[in-house]
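Laboratory data are not the source of any read-out in this text; all were calculated from the coordinates shown. In this text the structure is predicted, and so the values were computed from the model without any measurement. Because the Cβ atoms are built from the backbone with ideal geometry, glycine has one as well, and the counts that use them run over all protein chains shown.
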Amino acid sequence: MFELLTRILLWLLIGTILWYVFSKFIPRVYLTWLGGIILFAFVILAFIDPTNRTVGTVWSVLSLPLKPLGLVFFLLLSSLKKGAKSVDGNLVLAAVLVLLLTSTPIVAYWLTSQAARTLAYSPAVQRPVDFNPASVKAIVVLGDSNDPADPAYRSRTQVSSDRDGFTNVLASRLFFAARVYRGELEQGRNPLVIVSLGSQLGLNASQEARAIAIQTVQGILTSAGVQGDRIVIDTEGTDLYSNAVAIERILTPLGYQKETDSLLLVVPLLNVSRARATFASRGLRTLGLPTDQFLFQLDDRRLIASVADLVPNVDALALTTRVVDEYLSSVYYFMRGWLVSPI
């Protein structure tokens, strides 16, 4: 009941903020009841059909002013409210400062490092006291999302191939999963290795692209010591929630017991809390194995960062956006009812 009430309050807060923003640019005479009906219809749809992809797409647009670059655009547009000849210098200065801070490498590294350190010591990645290694039935490797339903899908800075939906980052996770699998094998256990590849491919991937991606993943895993008959590849899930649903669908016919069995999640450190909470919402017990960890610290022999760390660049902006995206994604997942409890 508390979570439902919190979600409702969050939706109302977002609706109020959006109404305020729209009223700044659109004369109130045009903000009729039709706009309010559309807004509330969107909120109701989010509760009635939480898997509706339109809601995710609309959220990615509505949350744009909360992200660094979106906030810069909002401030610049606000400065032009009275026309190009009466620009509000304070708003322009604020936009420049936001862009400067969020695109400076040392700031981006610090924010990411702080988020990573916080998560590294959180219960999401700590082994539970009552965790039984013998209960592990599968090692799950999650790919990066390429779909608008995941608010964080645009935050990736790695180059992806539209033809095979494959990245070097995913390859590193596969090798890490293979190492974990070999460790399990040495302990006398032989879990499945499930790779959620649909998030890398997206919804519009051709059959040829899917076949190439599946063959590539199988080749990497088998060459790294994973038995071919223990590899399962999911191409249906396109975000964390649909990945959890797809993996639940895969495991249920294989006799997976939600009360006693568990999974090992190979997932980026910044996403591990949301991933575990999302899987828990489907009744899947997990232990997070974080990858893609970002740490930044100054060398003991130097007191200041290098010059390159102080020069703004687009990669630093993308990194800062990724951190912000993860916080927004956690809020979004909570409001959709995809998390067991607020993060």
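Just a few scattered comments:
- Computed E for residue 114/residue 310 - FRET, C-beta separation, R0 25 angstrom, nearest 0.05: 0.85
- Segment residue 215-residue 258, length gained on full extension (0.36 nm per residue, minus Cα span): 12.4 nm
- Pairwise Cα separations in the stretch 182-295 fall into 10 Å bins from 0 onward with the following percentages, short to long: 13, 42, 39, 7, 0.
- Database remark: amide H of residue 195 closer than 5 angstrom to the amide H of 141, 232, 233, 234 (H placed geometrically; neighbours at sequence offset of 5 or more, or on other chains; Pro and chain starts carry no H).
- Computed from backbone phi, the HN-Hα couplings of the stretch 132-139 come to 10, x, 5, 7, 5, 9, 7, 9 Hz, rounded to whole numbers (Karplus: 6.51 cos²θ - 1.76 cosθ + 1.60, θ = phi - 60°; Gly and Pro given as x).
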